[in-house]
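Values quoted throughout were computed directly from the atomic coordinates according to the rules given, and no laboratory measurement underlies them. Given the structure is predicted, the values throughout are model-derived calculations rather than measurements. For neighbour counting, all protein chains shown are included, and Cβ atoms are generated from backbone atoms with ideal geometry for every residue, glycine included.
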Amino acid sequence: MDEPFGALDPITRTELQDEFLDIQAELDVTILFVTHSIEEALKMGDRIAIFDVGELVQYDTPRNILAEPKNDFVRNFIGQDRELKKLQVTPVRDVMSETNDNFSPDVVPISPLDTAHVAFSRLLETDDDRLPVARDGEIVGVVEEANLRGTTVQERRST
């Protein structure tokens, strides 16, 4: 598919991307998806191939590309907000902590399948220090800003 969502407004694009991902997961088929948008590639791809003038420069998972860009071309293609982009490819389940705490019924929990980006955004919107993480209506953990910061710091230390 060559830039299938390229001419769409941002709201329609996001809705169709989400629907596409649901259909792809249900069909369990491989789809080659061409885009010039790193954000779209990070959202849509299990694997990303980055080309420079027709030459394959890096082929890897979104996480690995963000953590270890092969060269300056890939680093520049990703952009300067690489640390924030890591939050887009990190599921909450990978950064949450266990908790036995009770939360106010007013606090809407997030899913362990949500991205760390969604969690960080919710923390900023609600001005809360932490958010409950729920699966099937049951609290299974908590995510805090420190959890989210730890993801990028930990990866930085290991590279």
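To the nearest 500 deg cm²/dmol, what mean residue ellipticity at 222 nm is calculated for the chain from DSSP H runs of n ≥ 4 alone, each contributing -39,500 (n - 2.57), summed and divided by the residues? Walk me through the numbers before you get to the answer.
Working: 7 runs with 70 residues, N = 159.
Helix contribution divided over all residues of the chain: -13000 deg cm²/dmol.
From a point 7 Å beyond the Cα of E39 in the direction of its Cβ, which residues of the range 1-28 have a backbone N at a distance under 15 Å?
Answer for the range 1-28: 5-18.
Over all alpha-carbon pairs in the range 10-86, figure out the percentage whose distance exceeds 19 Å. Working shown, then result.
On the way: 1105 of 2926 pairs.
That tail contains 38 percent of the Cα-Cα pairs.
Computed FRET efficiency, Cβ-Cβ of I31 and L113, R0 22 Å: what is it to the nearest 0.05?
0.60
Please report, for the Cα atoms of the range 49-159, the Rg to one decimal and the Dmax as a whole number; what are they, in angstrom?
16.5, 55
Calculate how many DSSP beta bridges within the chain are antiparallel, expressed in % of all such bridges and rounded to the nearest 5.
Counting DSSP beta bridges with both partners in the chain, the antiparallel share is about 85 percent.
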